[in-house]
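Structure, as structure tokens:
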Amino acid sequence: MAKHWGDLPLALQLGSLACAGVASGVIASSLSNRWLYYDLSAFINPEAFSDIAAQLPANEQDYILAAWEMAGEDLDYRLYGSVLYFGEDKVQCKSVSRPAKVFNRGWGNCVAKSQVLTSILRNRFSPSDTYLAVGTLAQDGIGGHAWVTVRSEGVWYVLESTLPPPDQPWLPAAKLSHVYSCEAYVNDTGLVCMDEEVCKLIHHANLIVDRKDPRQLLCKCLNPHHMI
């Protein structure tokens, strides 16, 4: 049975994760291809961005837009795959870095950019009001994807971390449930798993991973030219 934590955007609790993609070339050489284990507080790390967050606008929606611009525009988007297993308080992964490292190097895929955006937002918003979401993007056959959800003034919004805010940035989650289908929500304090098979953490670092195992999340990220 799926575990529910907090007041979730129910319109996004849909779909199943299907994904593909591997890091290659220059990008692969700068990312670890071995299994790494992060506590959730390292995977999403608000403290690492506290000084930056303190300089952002006081108005809530201006704060969101400023954070979104930092992750969506100031960080270059690069297409490569990330492998993720979620547990109750840890993430097992390949081709995933800590969000501060992503920010300092200046580039990342959908997972990396969403880690940065969620970490910045968590300095302003409570754990029940912002998450990194992992699931599928039903557009142009993109498949596995990561994005950010935030609740402002009682409304849940989707923030597409691979792009800067559009001219009309507020994309209500309820109107995008046919596009964004979430399998897991995560931030620094907890995990909400919509499919317990997807979110079953493999505890043994030396376990040989079956690439046909449906629990394995291979995130093929958004091509920015295909964004709605």
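The numbers here are math on the coordinates, done by the rules we state, and not lab data. Everything numeric in this text was worked out from a predicted model, so none of it was measured. A quick note on method: Cβ atoms are made from the backbone with ideal geometry, for glycine too, and the neighbour counts reach across all protein chains shown.
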Per the C-alpha gyration tensor (a ≥ b ≥ c, the square roots of its eigenvalues), the stretch 80-165 is rounded if a/c is under 1.5, else prolate if a/b beats b/c, else oblate; here it's rounded
Sort TYR63, TYR131, TYR85 by Cβ crowding within 10 Å, fewest neighbours at the top. TYR63, TYR85, TYR131
What does the extension gain come out to for SER126 and ASP74, with contour length at 0.36 nm per residue minus their alpha carbon separation? 16.3 nm
Test of understanding: ordering ARG98, ARG105 by Cβ neighbours within 10 Å, fewest first, what list do you get? ARG105, ARG98
Neighbour counts of other C-beta atoms within 10 Å: give me SER126, SER82 arranged from fewest to most. SER126, SER82
From the Cα gyration tensor of the stretch 46-200, with a ≥ b ≥ c the square roots of its eigenvalues, which class applies: rounded if a/c is under 1.5, or else prolate if a/b is larger than b/c, or else oblate? rounded
